[in-house]
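Report on the structure given below.
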Amino acid sequence: MSKNITYIDWVKHLPIGDAEYEQCSCPVCNSTGLAYQYFGFAGSEFGWKLVWCPSCMNGIRISRTRVPAGAQVLIADEDQEQFLNQHSEVNLIV
């Protein structure tokens with residue numbers, strides 16, 4: 001039986017700080033440890049963030065988020081496209 005988890009459920013479940021994602025459980029499968037990646041734009045401190053569970057491959061895209069200073073961020077279109085192609089199995093919950 002799979003849980004009917006919504007986008008809002010995901011957002012409410014996520015930790016405030018990026019350092020806490022490794023200890024955060026997945027709201028879908030309850031496995032510990034979520035992954036994330038920031039995507040940005042040249043000259044902007046804003047972008048979007050992909051958050052997913054490496055175990056069940058469910059996740060969300062958070063738009064219009066501030067990219068923290070020092071975060072690993074993909075800016076070039078080619079880098080973003082390559083990352084998304086490598087993670088095409090992620091099921092984004094909308």
If we keep just the residues of segment 66-84 that are surrounded by 14 or more Cβ atoms within 10 Å (Cβ to Cβ) and not in a helix (DSSP H, G or I), which is farthest from the chain's Cα centre (by Cα)? Ile75
Quickly run through segment 1-42 and pick out the residues that are among the hydrophobic types (A, V, I, L, M, F, W, C) and within 20 Å of Pro68 (Cα to Cα). Val11, Leu14, Ile16, Ala19, Cys24, Leu34, Ala35, Phe39, Phe41, Ala42
So the check is Cβ under 7 Å with 6+ separation or different chains; which pairs have a first residue in segment 14-39 that's touching a residue at least 12 places away in the same chain (Cβ under 8 Å) and assigned to a loop (DSSP other than H, G, I, E, B) and a second one that's of a type in the set (Val, Ile, Thr) and crowded, with 16+ Cβ neighbours inside 10 Å? Leu14/Val51; Pro27/Ile5; Val28/Ile5; Leu34/Val51
Quick check on segment 71-85. Is at least one of its residues under 16 Å from Gly17 (Cα atoms) and touching a helix residue (DSSP H, G or I) at 6+ places or on another chain (Cβ under 9 Å)? yes
Mind checking whether some residue in segment 70-92 is in contact (Cβ under 8 Å) with a residue 60 or more places away in the chain and closer than 19 Å to Thr32 by Cα? no
Matching residues, segment 6-36, being of a type in the set (Val, Ile, Thr) and surrounded by 11 or more Cβ atoms within 10 Å (Cβ to Cβ): Thr6, Val11, Val28, Thr32
Looking at Ser44, is it part of a loop (DSSP other than H, G, I, E, B), hydroxyl-bearing (Ser, Thr, Tyr) and surrounded by 14 or more Cβ atoms within 10 Å (Cβ to Cβ)? no
Which of the residues that make up segment 37-78 are of a type in the set (Phe, Trp, Tyr) and closer than 23 Å to Asn4 by Cβ? Trp52
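Just so you know, all these numbers are worked out from the coordinates, no wet-lab data involved. Small disclaimer: the values here were computed from a predicted structure and weren't measured. A quick note on method: Cβ atoms are made from the backbone with ideal geometry, for glycine too, and the neighbour counts reach across all protein chains shown.
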